[in-house]
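The values are calculated or read from the model by the stated rules, or taken from the named source; none is laboratory data. Quick caveat, the model's predicted, so the values are computed rather than measured. Ideal geometry is used to build each Cβ from the backbone, glycine not excepted, and the neighbour counts take in all protein chains shown. Note: accessible area is taken over every heavy atom of the protein model, side chains too, but ligands, DNA and RNA are not part of it. Shrake-Rupley method; radii C 1.70, N 1.55, O 1.52, S 1.80 Å.
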Amino acid sequence: MVVRPSSLLVLASLCLVFSIGNATKIALLPSSSRLIHRFSDEAKAICRVSRIGNGTVVFDDEEDTWPRRRTVGYYRKLLASDVQRQIMKVGSHFQYVYPSEGSKTMSFGNDFGWLHYTWIDIGTPNVSFLVALDTGSDLLWVPCDCVQCAPLSASYYSSLDRDLNEYSPSSSSTSKHLSCSHSLCELGASCKTAKESCPYNVNYLTENTSTSGLLVEDILHLATAGGPNVSNGSLQAPVIIGCGMKQSGGYLDGIAPDGLLGLGLGEISVPSFLSKAGSIRNSFSFCFDEDDSGRMFFGDQGPDRQQTTSFLPSNGNYEAYMVGVEACCVGNSCLKQSSFKALVDSGTSFTFLPQEVFQKVSEEFDRQVNATSTNDEASPWKYCYKTSSQELPQVPSVTLMFPANNSFVIHNPVFMIYNEQGLVGFCLAIQPANEDIGTIGQNFMIGYRMVFDRETMKLGWSDSNCQDLSDAKNMPLTPPQGAPPNQLPTNEQQSTPGSHAVAPAVAVKAPSKPSAASAWFISPWVGWLRLPQLIFLCHLFLSSW
């Protein structure tokens, strides 16, 4: 059945109303006062739209799971709709939710790819995992029934005081396999039967880095704080988990050896599950401090005093945390023609600017900094400087300007270099991107409470020491009484010489179905693939100072 384009708007509107019929029981036709029940045959005919193309709407001929009137399934769907309406009226159950082992995040420096991590508990009985935090991808995966995984023994790493764990669905009484017929099974078409376990394969754009295995549903153990007439307690949230049987690339060399917590906008991400269940508002935050520690919370929408900027859609869809920078400033000098789009990605260690913007910012920084420059063709960092003092000299700030004069100030946009004698120099911690899209990496997030508000589709930020959040007194660092303490590694700083050093990760998921719409999204990452070797050369170069 084909419908003329002129009917598209009416049909799409009706189908939207019925598909979230969780929100209303009846809909009013624009051209009539007649009411249509959302589970009627007329509604069914409208809502069988499966795809849009070439200016027409094509209907799917296959039967769906539309409930037959006066059956148990019919009344179950009506009740589910009422329950969802109550959730929408009352709001979220909890003000904040955080991992059951505590809200603290940590970085282990070079030993674990310079990313930030937190402990989470999965399954019944619960098993702990040290997962990397990544806003650039969606899936939560952990090493599972391993065929090819990173070493999990503490003796392999210089920063751990306990072994890392491996997940096994068969050992958890709450685990369920995800069938190939499930709506979130992207590879379902490749299955022989609909009842098979759903496979997954996620490719990242860092040196052939990938994870693959099976998707399962299990319990994520969380602690709760605040909410209407709710005391602090615990929450067992059903989520979909990647049983990562086989990893490759950076995941075998120390980057996220015990798994990765994808925080992206996809339906399969943990924030999506928690908000759809009505547990929290559809938002989360984290804060990274200069001492390599931090905090993270689900449901946090930030303080009233925070500055914000809107996320940008791509062809009408929100696919990533993309923002628009209107101008860059160095010190008190704001640069002309320095606007660009940027991904906000906690899975990238450093910040990348489009080539022309990078050139303007770095040259202005070089002009203002009061230090002796040093150059070496082997170093990937072009703007590096020597210092004879054991304290970092004053350096010019870098500011990203957003609409409505909202400013994101990076007071210390450099990283410091040490050798046996102590501090010997520093480099501007910005790299050029190949295309016109940049990345705001985690090094620019330090000292800020970063809020990813997925309800309003805005990024929020406010100065914070990540410990004293005066507007959120119910946001503890420690787990609830009786829960196991968050066992921190003995050394949270850069790994010692001779350890299994790896370079900063770029843990951004490559789109599973590249298209013209996503081509612009992929291109900036191509030039970064040799970053590990470049940073290794940089360390060799600077160690000779």
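Annotations
- Cβ-Cβ under 7 Å pairs, at least 6 apart or on other chains, the stretch 303-315 side under 14 Å from Y448 (Cα atoms) and at pLDDT 90 or above, far side among the basic types (K, R) and assigned to a strand (DSSP E or B): T308/K458
- Which listed residue is among the small types (G, A, S), more than 27 Å from the chain's Cα centre (by Cα) and surrounded by 18 or more Cβ atoms within 10 Å (Cβ to Cβ), from A378, A371: A371
- Every residue from the stretch 323-363 that is charged (D, E, K, R) and assigned to a loop (DSSP other than H, G, I, E, B): E326, K336, D345
- Condition check for P432: in a strand (DSSP E or B) and open to solvent by 10 Å² or more (accessible area, probe 1.4 Å): yes
- D145 being of a type in the set (D, E) and not in a loop (DSSP other than H, G, I, E, B): yes
- When I446 is tested against the conditions (1) open to solvent by 10 Å² or more (accessible area, probe 1.4 Å); (2) more than 18 Å from D345 (Cβ to Cβ); (3) hydrophobic (A, V, I, L, M, F, W, C); (4) at pLDDT 90 or above, the lone failure is (2).
- Wholly within the stretch 233-322, strands (runs of 3 or more DSSP E) carrying at least 1 residues that are open to solvent by 40 Å² or more (accessible area, probe 1.4 Å) and farther than 26 Å from W114 by Cα: 233-248, 307-310
- If you check S181, S137, S170 for being assigned to a loop (DSSP other than H, G, I, E, B), open to solvent by 60 Å² or more (accessible area, probe 1.4 Å) and not hydrophobic (A, V, I, L, M, F, W, C), only one passes: S181.
- Residue that is most open to solvent (accessible area, probe 1.4 Å), among those in the stretch 184-220 that are over 26 Å from the mean Cα position of the chain (by Cα) and not basic (K, R): A189
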